[in-house]
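Shown next, in structure tokens, is the structure this report addresses.
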């Protein structure tokens, strides 16, 4: 249903990456522009974590890894790590679905990872809030460098 770009031997073009998002490609374009224009991040297409993840776009500021976005058929998933203070700070500002995603995060150190599939405008709005929190490190102790 949400197949990813899993052929490690064939690096997709940016256009192919975007087209894979299909019905949600406008959401990808919006978040890509937000990350680059508003948060001043750099992007890099890579095949990062193994065969089940596939091709993804890494967004970073200097040496600070912010997120990876994986193109999927008619969607995309954002993989993001934040500390618990950051998650707590935004928790009541996001939708119930996003709250559930945060509650079920994969634990890591003093926070955790979420895999956020973007399917609608509410998801996109919540994602922008989470990414702003991560990129600006508005709250929380340690640096999120990864």
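Points worth noting:
- Residue count for region 4-35, restricted to those that are surrounded by 13 or more Cβ atoms within 10 Å (Cβ to Cβ), without any contact (Cβ under 8 Å) to a residue 12 or more places away in the chain and either within 18 Å of residue 80 (Cβ to Cβ) or under 17 Å from the mean Cα position of the chain (by Cα) (or both): 1
- Criterion: in contact with a strand residue (DSSP E or B) (Cβ under 9 Å, 6 or more places away or on another chain) and within 21 Å of residue 132 (Cα to Cα) - qualifying residue of 37, 32, 97: 32
- Hits in region 120-146 (condition: over 22 Å from residue 58 (Cβ atoms) and modelled with pLDDT of 95 or more): 120, 121, 122, 125
- Total residues in region 56-92, condition free of Cβ contacts under 8 Å to residues at least 40 places away in the same chain and assigned to a loop (DSSP other than H, G, I, E, B): 1
The values are calculated or read from the model by the stated rules, or taken from the named source; none is laboratory data. Everything numeric here is computed off the predicted structure, so don't read it as measured data. All Cβ positions, glycine included, derive from the backbone under ideal geometry; neighbour counts span all protein chains shown.
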